[in-house]
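S.K.: Take a look at this one; I'll ask things after.
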Amino acid sequence: RVHGDLSRPNPTTMKGKVFAVTLLVLAAALLIPNPAFRLFGTGNKPGLFDLYAAQKIAPKTIDIANEYSNYHGRNTGNEKNVVEENPSMINSFYNVVTDFYEYGWGQSFHFAHTRSEESHDDSIRRHEERIASEVGLKPGMTALDVGSGIGGPARAIAAFSGANIVGVTINAYQVAKGNEYSKTMGLDHLVKLVEGNFLALPFEQNTFDAAYAVEATCHAPTLEDVYVQVFRTLKPGALFATYEWLLTDAYDASNPEHVRIAQEIEYGNGLPPLRTLNDVKTAAAKVGFEFISSEDLGTDKTGTRPWWSRLSLTKWSRYLTHVTCWVSEKLGLAPEGSTHVHGVLLTAADGLIEGGETEIFTPMYLCVMRKPVA
């Protein structure tokens, strides 16, 4: 089921079939109201036409299907926490997936539980402001955004707090795109994205007044690998808050369905084995942090829609987009590898929905820790 999503389309498909599917997709997009499937951009979310234009700018991909499968195999095999670095694969994956993330989610690539009276965008902003408040950001401070993507949270947090934000991401395409957005939005005096690996942060020790990570450290081979870098670059007494992707106490490793769901989440998101809250506390203590607090925000169900509800509501749109990707790749509008990457994202979405429904997984375990003064 999981790896089948990467099967390559039949290269002998008739041009007539491609044309017919194209007409069906366009008709569905025009006749069926659905904000999650857009030909044209709305607000800060691009449409499919914008996405294809961006894909022409993004660097070309390698054989993403084989490289991704090999990478994930190394990442979750017997030596599960020893990842052989493959920068070309990682960059190729994000060159493609970044635009899909933005198409589906806007400039902030993360979840939030949405209150009944607010929009999805409002909940995303509230989620970002919450983590900024946890580390006490205010004007004059400089904070590190660990795994910033294209900087959606960084810009929202800078606008909210008045603090300076330095975001780091391994992908040059995300850096260029994010910095251009910051300039366009008039926030480039507060927000700067730099290319770098959060396993070897390109900053001197004791640099930042605070740090945060929004659903990013789950990509590290081990939490210690990234936590130790954050610890090194923080000033003594500074706070680090992180939204972690974790298995909950409801997860049962002897339950085959639980194991399958966890593996789909891992495979669909390019992750090492998922962690637990105890893993976070152990890693924090190991590198020297004082662990302050933790809270699974996903358990707040009073007057809210669950964090995975948006994925459930857009299932039809996701599969329609997948067909559109296939058509577009055939017509040369999208680069080779786009359909395969989107197939990976479909696996991710299915696993995340089931993880939420069974309550064995959360993407929003808020953990706060401090670098000791001495």
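The values are calculated or read from the model by the stated rules, or taken from the named source; none is laboratory data. Everything numeric here is computed off the predicted structure, so don't read it as measured data. Virtual Cβ from ideal backbone geometry, glycine too; neighbours counted across all protein chains shown. To get the accessible areas, we keep the full protein, side chains included, count just its heavy atoms, and leave off ligands, DNA and RNA. Shrake-Rupley method; radii C 1.70, N 1.55, O 1.52, S 1.80 Å.
S.K.: Within segment 101-157, take every residue that is free of Cβ contacts under 8 Å to residues at least 40 places away in the same chain and aliphatic (A, V, I, L, M) and give me the one that is farthest from V226 (Cα to Cα).
M.R.: Selected residue: I124.
S.K.: Looking at (1) more than 30 Å from A158 (Cβ to Cβ); (2) open to solvent by 50 Å² or more (accessible area, probe 1.4 Å); (3) in contact (Cβ under 8 Å) with a residue 40 or more places away in the chain; (4) among the charged types (D, E, K, R), which is the one condition that is false for D249?
M.R.: (3)
S.K.: Now for a separate question. So which of V168, V175 is part of a strand (DSSP E or B) and either aliphatic (A, V, I, L, M) or within 16 Å of K235 (Cα to Cα) (or both)?
M.R.: V168
S.K.: Among the residues of segment 278-313, how many are closer than 14 Å to M364 by Cβ, modelled with pLDDT of 95 or more and open to solvent by 50 Å² or more (accessible area, probe 1.4 Å)?
M.R.: Selection size over segment 278-313: 1.
S.K.: Restricting to segment 165-204, name every residue that is in contact with a Ser or Thr (Cβ under 6 Å, 6 or more places away or on another chain) and open to solvent by 50 Å² or more (accessible area, probe 1.4 Å).
M.R.: Scanning segment 165-204 gives a single hit, D188.
S.K.: Between residues in segment 295-308 that are in a loop (DSSP other than H, G, I, E, B) and residues that are surrounded by fewer than 14 Cβ atoms within 10 Å (Cβ to Cβ), which pairs lie under 9 Å by C-beta distance while being six or more apart or on different chains?
M.R.: G303/S116; G303/E117; P306/E357; W308/E357
Residue-by-condition table, conditions (1) modelled with pLDDT of 95 or more; (2) under 19 Å from D350 (Cα atoms); (3) in contact with a His (Cβ under 8 Å, 6 or more places away or on another chain); (4) of a type in the set (V, I, T):
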{"position": "L239", "(1), (2), (3), (4)": "yes, no, no, no"}
{"position": "W245", "(1), (2), (3), (4)": "yes, yes, no, no"}
{"position": "T248", "(1), (2), (3), (4)": "yes, yes, no, yes"}
{"position": "S254", "(1), (2), (3), (4)": "yes, no, no, no"}
{"position": "V259", "(1), (2), (3), (4)": "yes, yes, no, yes"}
{"position": "Q263", "(1), (2), (3), (4)": "no, yes, no, no"}
{"position": "Y267", "(1), (2), (3), (4)": "no, yes, yes, no"}
{"position": "G270", "(1), (2), (3), (4)": "no, yes, yes, no"}
{"position": "T276", "(1), (2), (3), (4)": "yes, no, no, yes"}
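S.K.: Among the residues of segment 95-117, count how many are open to solvent by less than 30 Å² (accessible area, probe 1.4 Å) and assigned to a loop (DSSP other than H, G, I, E, B).
M.R.: Of the residues in that region, 7 qualify.
S.K.: What number of residues within segment 163-175 are in contact with a helix residue (DSSP H, G or I) (Cβ under 9 Å, 6 or more places away or on another chain) and closer than 12 Å to Y94 by Cβ?
M.R.: Looking only at that region, the number is 6.
S.K.: If you go through segment 185-239 one residue at a time, how many are assigned to a strand (DSSP E or B), free of Cβ contacts under 8 Å to residues at least 40 places away in the same chain and of a type in the set (K, R)?
M.R.: Within segment 185-239, residues that are assigned to a strand (DSSP E or B), free of Cβ contacts under 8 Å to residues at least 40 places away in the same chain and of a type in the set (K, R) number 1.
S.K.: Modelled with pLDDT under 80 and in contact with a Ser or Thr (Cβ under 8 Å, 6 or more places away or on another chain), is that true of G104?
M.R.: So G104 fits the description; yes.
S.K.: Keeping to segment 361-374, report how many residues are surrounded by fewer than 22 Cβ atoms within 10 Å (Cβ to Cβ) and either among the hydrophobic types (A, V, I, L, M, F, W, C) or under 19 Å from A253 (Cα atoms) (or both).
M.R.: 4
S.K.: Moving to a separate point now. I'm trying to understand the selection: among the residues of segment 149-186, which are among the aromatic types (F, W, Y), farther than 19 Å from S133 by Cβ and in contact with a Leu (Cβ under 9 Å, 6 or more places away or on another chain)?
M.R.: Selection gives Y181 alone.
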